[in-house]
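Notes follow the structure.
The values are calculated or read from the model by the stated rules, or taken from the named source; none is laboratory data. Quick caveat, the model's predicted, so the values are computed rather than measured. Cβ placement follows ideal geometry from the backbone for every residue including glycine, while neighbour counts extend to all protein chains displayed.
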There are 2 protein chains.
Amino acid sequence: MLTINRFCLLLSQRGYATGALTFRAADIIIKKTESGSSKPDPDKLVFGASFADHMLTIKHTTANGWEKPVIEPLRDLAIHPAAKVLHYAAELFEGMKAYRGYDGKIRLFRPDLNMKRMLNTAERSVLPTFDGNELLECIKKLVQVDADWVPRSKSSTLYIRPTLIGTEPQLGVAASSESLLFVITGPVGPYYPTGFKPVSLLADTVHCRAFPGGMGAYKAGSNYGPTIYVNKMAQAQGCQQVLWLYGEKRYVTEVGTMNVFMCLKNKKGGVEIVTPPLDGLILPGVTRQSILDLGRTWKDITVSERSITMDELLEAQQNNSLLEMFGSGTAAIVCPIERIVYEGKSYDLATMNKGAPLTNRFHDEIVDIQFGRKPSKWTVDVI
Amino acid sequence: MLTINRFCLLLSQRGYATGALTFRAADIIIKKTESGSSKPDPDKLVFGASFADHMLTIKHTTANGWEKPVIEPLRDLAIHPAAKVLHYAAELFEGMKAYRGYDGKIRLFRPDLNMKRMLNTAERSVLPTFDGNELLECIKKLVQVDADWVPRSKSSTLYIRPTLIGTEPQLGVAASSESLLFVITGPVGPYYPTGFKPVSLLADTVHCRAFPGGMGAYKAGSNYGPTIYVNKMAQAQGCQQVLWLYGEKRYVTEVGTMNVFMCLKNKKGGVEIVTPPLDGLILPGVTRQSILDLGRTWKDITVSERSITMDELLEAQQNNSLLEMFGSGTAAIVCPIERIVYEGKSYDLATMNKGAPLTNRFHDEIVDIQFGRKPSKWTVDVI
């Protein structure tokens, strides 16, 4: 699965990783809590605000490499105020979920893609790499320990947040000689408890999420902080999220914290599903990849990774060939878009006119796999 | 000094700050340590690795506003693993110094500019703002408590690091409802214990520090993490730092974590000092501003804030009109540049040929003010 050997080799060649090049799931130390906290009402879950009883922590130092993984009760981290993570955004994360299927089994969805992206981001962030298969095994053990926290629900799930931070207490902009990998989990409700709720977007012409030579293709903390202000501006204009554009031609890149898809009627009457290509500005989303992979097996549509500008998007809107538009991500799976505000004008999209059939189709197909209704090589059993 | 009233008003209008709109230095609670740690050898100081005995902490919640400032012994922070600072780079900082003058007085250098920039960055980062004069008074008290840590030296100083982080434990990309402002300090040695040590730069054509619509003009953590990888690449090519370029025309923007200055001989035989303008890509450095302000009072040079491309820089190098080039920042004050690697070629600059007289002149003038040898409105007495 992973090119970890290459990463480790590169890393050690560069002289900033010695000691254990990876931790091992077989070495894991488990310290269970004696008093678990009570589970929240599954109907009242706020995304990312409830946490399961345990966490996984693994320490790394440049001098001694990785220590043994520890599963322990969730606790505050003791972080020196000069730690690099607090000053220079020496941090990265992943987002994944554990799904309790109709058959009672708990599954992960394409976790190999999360491990691969996490390692890519670690390399770009000059944070320590490791064997992704080992982290995956550790995560499975963590979910097993907190299996009771995986909601018994048709749609709620256990969100999993692997995180890697630089903890060395030294105020210099340089690679961190001490790091902490930790994984926390928590139950999250269905994104659409009562059916799709489409969003409206501000197509912002001033701010920019990512740029060539930057970190837009990596899941690093530094991509997210700068967006909060822009999202506030979108909300002030009655929109929920930002449609991120890039450059003078105003290429459509992403929406909020999601990848973006446009369903277009082409001249021959067929349907083309378009998403921007992975050109360095786009996060390689797991859901994005899954939509592309699924779409390519369907014979009634074509799937394209190609650049698209705001002008093209508005032209499609004008001549009624923009059938649907949606965001994609781990939290929402798909998120229909019904309105775009751009240069002071508001454009009502056709997305929901017929109930967003294509958006629904991708959603249902993915959910069926995640909850085990449809067998797939994409799922990995936890229990 | 500060447009804090405007900030507070804006903030409260937007509904994300209620309670105390600022903390007050008069409310400060001081808890002194009984056993201070021993001071490091002033000749062996590593930048940012030694810390004084005390820190300042001030908590903020959206619900209740700012709490009272506390000066307390330096300690690890207890941070929830879901805190926004660890995931989304909800963090910003400042860098300033306390100087022990020849007359024994301890002074700060233009701290109003740090407070102004910190508030600007807080607003852009959707972290809570405050009255900058109050923070400045708190910082003075912190330096007074640890006055013994301000080196008795011709050139060593006490580095001061104000920091603001979002601590709300909630995994959503949104404004943090809980924040912590803290200030740590530590003694730092002279940047050039044995005279100027010029650096060589990799003029990188692939990566980019800042971009229009981004946060390059703010002192946010998200600007720094992404640079570590690029600096490693520079070091692999025998350079110490990166010369950051922007765009197809390859505008010269910054160097490492410093602003950049070029001293050019113009056609009339005069000398022009050029630095890129504050167009959104450039950090508004305190030393940068001081060099501009000083240079404008000198009659034998002109000072320009204007864009300059790599082509122009190389042309000046070619026809011997590039006299000196240097970086500027709080740590080094000025840092002479002797070599640039660009597109596989190495260019030896004339900077040190005659001992970098202009770079020296700016250095000495600023140091004389900082250490109280030359009276100036730019210094603020601490003790």
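Scanning the stretch B:252-288 for residues that are within 14 Å of chain A (Cβ to nearest Cβ) and buried (at least 18 other Cβ atoms within 10 Å of the Cβ) returns B:T253, B:E254, B:V255, B:G256, B:T257, B:M258, B:L281, B:L283. Considering only the stretch B:69-93, state which residues are surrounded by 23 or more Cβ atoms within 10 Å (Cβ to Cβ) and more than 10 Å from chain A (Cβ to nearest Cβ). Residue satisfying the conditions is B:P69 alone.
Whether a residue is over 22 Å from B:W378 (Cβ atoms), crowded, with 21+ Cβ neighbours inside 10 Å and assigned by TED's automatic domain parsing to the domain that holds B:K232 was assessed, and B:L314 does not pass this test.
No other residue among B:T253, B:T257, B:T275 is touching a strand residue (DSSP E or B) at 6+ places or on another chain (Cβ under 7 Å), within 21 Å of B:D364 (Cβ to Cβ) and among the β-branched types (V, I, T) apart from B:T275.
Based on what the data block shows, is A:S156 at pLDDT below 95, in contact with a Leu (Cβ under 7 Å, 6 or more places away or on another chain) and either under 24 Å from A:T379 (Cβ atoms) or within 14 Å of chain B (Cβ to nearest Cβ) (or both)? Judged against the criteria, A:S156 is a match. For the stretch A:303-349, a residue qualifies if it is in a loop (DSSP other than H, G, I, E, B) and free of Cβ contacts under 8 Å to residues at least 12 places away in the same chain, and the qualifying residues are A:N319, A:G344. Name the residue, out of B:V380, B:V341, that is under 23 Å from B:V188 (Cα atoms) and among the aliphatic types (A, V, I, L, M). Going through B:V380, B:V341 in turn, just one is under 23 Å from B:V188 (Cα atoms) and among the aliphatic types (A, V, I, L, M): B:V380.
The residue that is nearest to the other protein chains (Cβ to nearest Cβ), counting only those in the stretch B:57-68 that are touching a Gly at 6+ places or on another chain (Cβ under 7 Å) and assigned to a loop (DSSP other than H, G, I, E, B), is B:A63.
Screening A:A210 on (1) out of contact with any Pro (no Cβ under 8 Å at 6 or more places or on another chain); (2) more than 13 Å from every other protein chain (Cβ to nearest Cβ) shows it passes everything except condition (2). Total residues in the stretch B:81-98 satisfying the condition of being among the charged types (D, E, K, R) and either in contact with a His (Cβ under 6 Å, 6 or more places away or on another chain) or within 21 Å of B:V188 (Cα to Cα) (or both): the figure is 2. Number of residues in the stretch B:276-305 that are among the β-branched types (V, I, T) and more than 24 Å from B:K377 (Cα to Cα): the value is 1.
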